[in-house]
Structures are given as C-alpha cells and as structure tokens.
1. With respect to the numbered conditions (1) polar (S, T, N, Q); (2) part of a loop (DSSP other than H, G, I, E, B); (3) under 12 Å from the mean Cα position of the chain (by Cα), which one is the sole condition not fulfilled by Asn149?
2. Sort through Gly103, Gly67 and tell me the only one that's at pLDDT 95 or above, assigned to a helix (DSSP H, G or I) and buried (at least 17 other Cβ atoms within 10 Å of the Cβ).
3. Give Gln111, Gln128 a once-over and let me know the one that is at negative phi and within 16 Å of the ligand (Cβ to nearest atom).
4. Tally the residues that are in contact (Cβ under 8 Å) with a residue 24 or more places away in the chain, away from the ligand (no atom under 15 Å from the Cβ) and assigned to a loop (DSSP other than H, G, I, E, B), restricting the search to the range 37-64.
5. Given the structure, is Val87 away from the ligand (no atom under 16 Å from the Cβ), under 18 Å from Arg164 (Cβ atoms), without any contact (Cβ under 8 Å) to a residue 24 or more places away in the chain and of a type outside the set (D, E, K, R)?
6. Condition first: in contact with a Gly (Cβ under 6 Å, 6 or more places away or on another chain) and outside any strand (DSSP E or B). Now tell me which residues in the range 153-209 satisfy that.
7. For the range 108-128, how many residues meet the condition of being surrounded by 13 or more Cβ atoms within 10 Å (Cβ to Cβ) and not aromatic (Phe, Trp, Tyr)?
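The values are calculated or read from the model by the stated rules, or taken from the named source; none is laboratory data. What you see is a predicted model, and the numbers here were worked out from it, not measured in a lab. Quick reminder, even Gly has a Cβ in these numbers, built from the backbone with ideal geometry, and neighbours come from all protein chains shown.
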Amino acid sequence: MRLLSDLFQNNREWARGMEQRSPGFFAKLAEQQTPEYFWIGCADSRVPANEIVGLMPGEVFVHRNVGNVVNPLDPNCMSCLQYAVEVLQVKHVMVVGHYGCGGIRAVLEGQYRGRVGEWLAPVRAIYQKYAASLDGDPQQQWKALCDLNVVEQAAAVWQSSVVRDAWAAGRQVAVHGWIYSVSDGLLRDLNVTVASSTDAEEIRRKAIDEILGARSR
Ligand code: CO
C-alpha cells in the first residue's frame, strides 16, 4: 500500500512536470477557468474524467456521484449544473455512465440499504419503469440499465430549469449521454445529444427503444 507521503511526493513531481512542459501553467490557471465542458459521471475510481478524454486541468468542470445521478432535488449536482451553465457558460454537458457500475448492479440486485439506497432511488425508478422490457440474462440487464440510466439522467439535465432558461436566452448548450467501458477504456456515444427542447423527447424515446431492442438482437 502506498503511504500518504508518497502521494505528496507524486504531487510535487506532477506539478514540476506540468511547469516544465508548460511554463507559467499554474499561474495562468489560477487567474481563471474557462472550461467548455461539464462532465457528470460516476464516482467510480476507474472513470477519471480528465484522463479519459485527454483534457488538462481547467478544461472540464466535473461532478461525480454514485451512479451518475441527476436528481433535481440534489443541491450538489444542481448547483454544479447551475454554476457550469450560468457562470462558466459551458457549451456541452455530458452525462457519462459506465458498464460494470456497482451502483446500477445494487439496484438490479435489490441491495440498496442506507444512504446509498436513498441516493439510488431515481435509478430504482428507472429500473421499475423498464423492468418488464428487461428480461434476459443478468449481464445484459446490467448493461442495458447502465445505458438507460445515462439516457434518463441526461434527460434530467435538459429538463432542468437551468438548461431550459439558457436555451430560452438563446444560449447554445448541448446535453450528451455517453457510456464508458472499463474493460476497454473506450467511450461510446449513446446518441442522445439534445441542443433544444424541440426534438428532445423524440431523441430520448429513440435511444430507449434502441437500448431495449438491442437485448433481442
Ligand atoms: Co459506477
């Protein structure tokens, strides 16, 4: 096991390396952040936002929680969303789920005690909504619920007053739904990008049909 002192040593080496590659990097970063992206992902240690998409500090604003849940009642996620859209004026919000998600599996297996159980209530609701269409083997169910969860959490983003208000004000904000595979390191676009309220529902419905249809192919 690494000692905590090792982490500080790593940090000093990292900061030195960054400065060497790009002199003045931190001084410039300290002045302002102007990220174009807001990443809402799972807290899973295997899904580090910046690394996966090759972005530097300052380039992506990040919120992570168990199961990449976007709950309108969650002050943490919603204040991050508001800050990202209104203050940082990001152009893209991506909800990024991942296969092999323990939070999703807990919902499928009915293991949701304590605070995590309460937290996952919106995912449980999604599962219950589509359970009848999700028969099949447990691995496929797990995969499908990971996908469905991304689509529905992305919908929660574009249904939010923050995004609706931004659109009404003529601002360009696109909401995306991606899924990451921890087994090959690759991101997949679930094709639920929504940039206006006009076709949002249709895009969502198509994506869900595709996910539910995929199980029988
Ligand atoms: Co997860």
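1. In the conditions (1) polar (S, T, N, Q); (2) part of a loop (DSSP other than H, G, I, E, B); (3) under 12 Å from the mean Cα position of the chain (by Cα), Asn149 misses (2) alone.
2. Working: Gly67 fails: assigned to a helix (DSSP H, G or I).
Gly103 is the lone residue from the list that is at pLDDT 95 or above, assigned to a helix (DSSP H, G or I) and buried (at least 17 other Cβ atoms within 10 Å of the Cβ).
3. Working: Gln128 fails: within 16 Å of the ligand (Cβ to nearest atom).
Just a single option satisfies the conditions, and that option is Gln111.
4. Of the residues in the range 37-64, 4 are in contact (Cβ under 8 Å) with a residue 24 or more places away in the chain, away from the ligand (no atom under 15 Å from the Cβ) and assigned to a loop (DSSP other than H, G, I, E, B).
5. Details: away from the ligand (no atom under 16 Å from the Cβ): yes; under 18 Å from Arg164 (Cβ atoms): yes; without any contact (Cβ under 8 Å) to a residue 24 or more places away in the chain: yes; of a type outside the set (D, E, K, R): yes.
Yes; evaluated as a whole, the condition is true for this residue.
6. From the range 153-209, those in contact with a Gly (Cβ under 6 Å, 6 or more places away or on another chain) are 154, 179, 182, 190, 192; that's our starting set.
Within the range 153-209, Ala154, Val182, Leu190, Val192 qualify.
7. Result for the range 108-128: 9.
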